[in-house]
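**Q** Here it is, the structure in full.
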Amino acid sequence: MAMAERKPKGTRKGYTTGACSAAAARAAVCGLLEGRVPETVECQLPNGETVRFKVAEAWVNSDGAHAVIEKDAGDDPDCTNHARLTADVAWIAQPDTVVLHGGEGVGLVTRPGLGLEVGSAAINPVPRKNIEHNIRLIASEALKTRGLQVTISVPDGETMAKKTLNYRLGIIGGISILGTTGIVHPYSTAAFRASVVQGVEVAANQGQDTVVLTTGGRTEKFVMRELPALNESCFVQMGDFLTPALDTAERCDIRNIIIGGMVGKLTKMAQGETITHAGRNPVDVELVADIARSIGAPETVCRAIAEQETARYASECMAELGLEYEFHIELAKRVIATLERRYPGSFDIGVLVCDFDGNKLAQAGRT
């Protein structure tokens, strides 16, 4: 049998904590239904792909079932690589109900601004839906007469979290369960940086005078909807590599730059970060408060923003005040001003802003 071709170092994809949690939950529920947890389990990722995971540890008894999936982060190893995502499941009386809890090593949300309720487990919305979806795929019949309680835990998660910025975000006691697609792309590797540079070069080689730089899949879908007249080669997912993308555009004499992003990454750009990865430097909340102040937000709200650690919190505050549009317009203008200072005379820059569901919030500059 021919051996699988090894992928070049730096390009191998991995799986998110959310995908591993969903796989662990599905395996444990298999154990409840069949009396034995399988050695491998299929899991449908949020992006629709089906992947088979190896179960690292499992048991079933009269009280419930337990399964562990060890995270493989591919060639983007971070502090959660090899984390043991653990699911403990048990039947409950309420029919057609899946109750999800965070156990040991999963962070607790203590501040607003994360899109999660204060006091809840730091399991992000997409992983929450994905965990329940995978359970319902195999337990829909059983759920007609009873419900399931699912507890996700991560041994040593509290120690892992010390290597993240969770504490700055008000997440205490453990890591976050994350992931919007289920796949970990090697964003932090030299290989991904090279792919960004190559993407801009391809646009230039095809004679395009515009490059649209996005931070990920959701923002790319958003800008593609907003800019249907542009050729597909104009769109480049830059991840966190803003500076390599712009340096390449400047070298290739592409003058029109459009950036699609959400509030957190755009704030990093406005404050002059050359790499916008969440783990590099915290958001400059004083900058965010100043933006709010400049559009007329009450000083009490601006002070509250400066005491938090996320740009998302400011965005939520502005929405409550009816200033969401003005806030994001000003943020976009600050991004443009920062980049024009760094690349004087090189580009005509536009910024398109969307929310976390990919809905348009604002635009500024040349788009």
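The values are calculated or read from the model by the stated rules, or taken from the named source; none is laboratory data. This structure is a prediction, so every number in the text was calculated from the model and none was measured. Cβ atoms come from the backbone with ideal geometry, glycine included; neighbour counts cover every protein chain shown. For the accessible areas, the whole protein counts, side chains as well, though only heavy atoms, and no ligand, DNA or RNA atoms are used. Shrake-Rupley method; radii C 1.70, N 1.55, O 1.52, S 1.80 Å.
**Q** Counting only protein heavy atoms, what percent of the accessible surface of the chain is carbon or sulfur at a 1.4 Å probe? Don't jump to the answer; show the numbers that get you there.
**A** Numbers: 8300 of 17120 Å².
Using a 1.4 Å probe with all protein chains present, the chain comes out at 49 percent carbon and sulfur.
**Q** First select every other residue whose beta carbon is under 12 angstrom from the beta carbon of Ala319; then total the charges, Lys and Arg +1, Asp and Glu -1. Please list the in-between numbers first.
**A** Numbers: positive: Arg312; negative: Glu316, Glu320, Glu324, Glu326, Asp355.
That sum, taken over residues with Cβ under 12 Å, equals -4.
**Q** While we're here: Could you sort 173-182, 226-235 so that the peptide with the highest average Cβ count within 10 Å comes first and the rest follow in order? Don't skip to the end; give the middle numbers.
**A** Working: 173-182: 23.0, 226-235: 14.2.
Highest to lowest by the protection proxy: 173-182, 226-235.
**Q** What order, most packed first, do the peptides 339-347, 308-316 have when packing is the mean number of other Cβ atoms within 10 Å of each residue?
**A** Working: 339-347: 14.4, 308-316: 23.6.
In descending order of packing, they fall as 308-316, 339-347.
**Q** How are the Cα pair distances of segment 216-278 distributed, in percent, across 10 Å bins from 0?
**A** P(r) over segment 216-278, rounded to whole percents: 19, 53, 27, 0.
**Q** Just to compare against my own numbers: the Cα pair-distance distribution for the chain, 10 Å bins, whole % per bin, please.
**A** It works out to 5, 22, 29, 24, 15, 5, 1, 0, in whole percents.
**Q** Using only Cα atoms, find the angle between the long axis of helix 17-34 and the longest principal axis of the chain, and express it within 0 to 90 degrees, rounded to the nearest 10.
**A** 20 degrees
**Q** Could I ask something else about it? Give, in nm to one decimal, the length gained when the segment between Lys54 and Asp290 is fully stretched (0.36 nm per residue of separation minus the Cα-Cα distance). Could you put the intermediate results ahead of the total?
**A** Details: separation 236, 0.36 × 236 = 84.96 nm, distance 4.93 nm.
Value of the extension gain: 80.0 nm.
**Q** For segment 14-184, what are Rg and Dmax over the alpha carbons, in angstrom?
**A** When restricted to the Cα atoms of segment 14-184, Rg and Dmax are 14.9, 44 Å.
**Q** Roughly how many whole Å is it from the C-alpha centroid of segment 211-230 to that of segment 38-56?
**A** The two parts, judged by their Cα centres, are 30 Å apart.
**Q** With every protein chain left in place, what is the accessible area per residue of segment 189-365 in square angstrom, probe 1.4 Å?
**A** Working: 7480 Å² over 177 residues.
Dividing the accessible area of segment 189-365 by its residue count gives 42 Å².
**Q** Could the peptides 244-252, 323-331 be put in order, highest first, of the mean number of other beta-carbon atoms found within 10 Å of their residues?
**A** 323-331, 244-252
**Q** Across the chain, how many lysine pairs, 8 or more positions apart or on different chains, have C-alpha atoms separated by under 15 Å? Please give the number.
**A** Values: Lys13/Lys71; Lys54/Lys71; Lys221/Lys360; Lys265/Lys333; Lys268/Lys333.
So the count of such lysine pairs works out to 5.
**Q** Quick one: what do you get for segment 303-342 if you divide its Cα Rg by 2.2 N^0.38 Å?
**A** Working: Rg = 11.6 Å, N = 40, 2.2 N^0.38 = 8.9 Å.
Taking N as the residue count of segment 303-342, the ratio is 1.30.
**Q** Continuing with this model, one more query. Given the chain, what percent of its DSSP beta bridges are antiparallel, to the nearest 5?
**A** That works out to approximately 60 percent antiparallel.
**Q** Then there is this: Specify, per residue and in Å³, the volume enclosed by the convex hull of the alpha carbon atoms belonging to segment 189-365. Could the numbers behind the result be given before it?
**A** Values: hull volume 18.1 nm³, N = 177.
Cα-based convex hull of segment 189-365, divided per residue, equals 102 Å³.
**Q** Cβ under 9 Å from Asp348's Cβ, Asp348 left aside: what net charge do those residues give with Lys, Arg +1 and Asp, Glu -1? All intermediate terms of the calculation are to be shown ahead of the outcome.
**A** On the way: positive: Arg255, Arg366; negative: none.
It works out to a net charge of +2.
**Q** Give the distance, in whole Å, between the Cα centre of segment 64-95 and the Cα centre of segment 107-153.
**A** Spelled out, the Cα-based centre of one part sits 13 Å from the other.
**Q** To continue, here is another question. What net charge is computed for the residues neighbouring Ile152, neighbours being all others with C-beta under 15 Å from the C-beta of Ile152, Lys and Arg scored +1, Asp and Glu -1?
**A** Details: positive: Arg26, Lys71, Arg84, Arg128, Lys129; negative: Glu57, Glu70, Asp88, Glu104, Glu132, Asp156, Glu158.
Charge balance in the 15 Å sphere: -2.
**Q** What ratio of Cα Rg to 2.2 N^0.38 Å holds for segment 20-100?
**A** Numbers: Rg = 13.2 Å, N = 81, 2.2 N^0.38 = 11.7 Å.
Rounded to two decimals, the normalised Rg is 1.13.
**Q** Given the whole protein assembly as supplied and a 1.4 Å probe, what does the accessible area of Lys221 come to in Å², nearest 10?
**A** Approximately 140 Å² for this residue.
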